[in-house]
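Quick note: the coordinates plus some simple rules give every number you see, no bench work behind them. Quick caveat, the model's predicted, so the values are computed rather than measured. Here Cβ is always computed from backbone atoms with ideal geometry, including for glycine, and neighbour counts include all displayed protein chains.
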Amino acid sequence: MGRLELVAKEYGYVVLVLVFYCFLNFWMSFQVGRARKKYNVPYPTMYAIEADNKDAKIFNCVQRGHQNSLEMMPMFFMLMILGGIRHPLICASLGVVYSVARFFYFKGYATGDPQKRLSIGKYAFLATFGLMICTISCGVHIIIA
């Protein structure tokens with residue numbers, strides 16, 4: 001029995017990039033867990049208070065790096081999934097750029113200097129913009145096809 005042709009076979013790259021990002025997200029969450037132990041910020045505290053913890057700023061930067069990635073994840077996944085229907089190779093490539101940029105965004109933020117998140121991390125925003133264009137193209141193509 002042949003494979004069902006609902007999407008191009010290249011869509012598999014989109015799927016693999018999304019799974020790669022899931023691993024990146026797990027890694028970031030483990031980094032937050034390590035920072036909780038290192039800087040003595042117990043659960044369920046989301047952010048440390050500077051008056052109570054001398055390491056609050058650096059812990060909060062680690063936490064924010066992951067939290068911001070979580071906040072952006074639904075949009076990234078939606079754009080990858082939908083834009084990848086029409087442009088699987090472009091979206092998969094942009095997804096790799098986004099994921100690598102997010103890694104450096106997190107690493108830069110985790111230094112305790114929030115400005116360092118943007119050195120390479122800013123390219124995630126460019127990748128997102130590209131994914132938006134691909135998704136718009138997919139929507140327009142569905143309407144006019």
request  = Return the total of residues in segment 98-124 being within 17 Å of ARG64 (Cα to Cα), assigned to a helix (DSSP H, G or I) and either among the aromatic types (Phe, Trp, Tyr) or in contact (Cβ under 8 Å) with a residue 60 or more places away in the chain (or both).
outcome  = 7
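Looking at ASN25, ASN68, ASN60, which one is among the polar types (S, T, N, Q) and over 26 Å from LEU131 (Cβ atoms)? Show your work before the answer.
Details: ASN25 fails: over 26 Å from LEU131 (Cβ atoms); ASN68 fails: over 26 Å from LEU131 (Cβ atoms).
Every option except ASN60 fails the conditions.
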query = What pairs can you find where one residue is in segment 18-35 and free of Cβ contacts under 8 Å to residues at least 40 places away in the same chain, the other is crowded, with 17+ Cβ neighbours inside 10 Å and part of a helix (DSSP H, G or I), and their Cβ atoms are less than 7 Å apart, with a gap of 6+ or different chains?
reply = SER29/HIS66; VAL32/VAL62; VAL32/GLN63; VAL32/HIS66
request  = Go through segment 19-68 and give me each residue that's crowded, with 16+ Cβ neighbours inside 10 Å and basic (Lys, Arg).
outcome  = ARG36, ARG64
message = Please pick out the residue among GLY65, GLY95 that is assigned to a helix (DSSP H, G or I) and over 30 Å from TYR39 (Cβ atoms).
response = GLY95
